[in-house]
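First up is the structure itself, then whatever we jot down about it.
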Amino acid sequence: MKHSRGMKKAVAGMMTLVFGFLCLFVAPAQAAMVGTADILQVPGKDAAHSPSTLDASRQQIARQLHAWGVTPEEARSRVNAMTDGEVVRLADAMDQMPAGAGFLEFLAVVALLGFITLVITDLVGVTDVFTFIKKI
């Protein structure tokens, strides 16, 4: 009985450390007021973008989507479903948005979590993956 109580404390302490460590990777939620100008389209804001500029931006976005592997029909339907404001924002920021960004960081976190899980299960005695871990 004394042995299992010590085991429970060790596992609880280890899990506390693991979940505390996981909190470092979670981004805090951000909240802010949304202004009326953000909700409603400001008349002067889109006046600088003529219909021909919007059409050119739509074609540029469709070409880029096709270059990323989307079929031309699907690219056109996606771009046609966008509002004029979305087209302008996307066309302006297309070069700064690489597809698949952050994948290596995600993969590193998943590998670290898997390693920590295996270490904990080895310590408890459920698995025997690592030979350098002494059983409790």
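Worth a mention:
- Hey, Val34 among the β-branched types (Val, Ile, Thr) and at pLDDT 80 or above or not: no
One line per residue, one yes/no per condition, for (1) more than 30 Å from Met15 (Cα to Cα); (2) under 26 Å from the mean Cα position of the chain (by Cα); (3) touching a residue at least 40 places away in the same chain (Cβ under 8 Å):
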| site | (1), (2), (3) |
| --- | --- |
| Glu73 | yes, no, no |
| Val87 | yes, yes, no |
| Met94 | yes, yes, no |
| Val109 | no, yes, yes |
| Ile116 | no, yes, yes |
| Asp122 | no, no, no |
| Asp128 | no, no, no |
| Thr131 | no, no, no |
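- Answer from Asp95, Asp128, Asp55 - the residue that is touching an Asp or Glu at 6+ places or on another chain (Cβ under 7 Å) and at pLDDT below 85: Asp128
- Ala27 being part of a helix (DSSP H, G or I), modelled with pLDDT under 80 and not assigned by TED's automatic domain parsing to the domain that holds Thr117: no
The values are calculated or read from the model by the stated rules, or taken from the named source; none is laboratory data. Computed from a prediction, not measured in an experiment: that's the story for all the values here. Cβ: placed from backbone, ideal geometry, glycine included. Neighbour counts: every protein chain shown.
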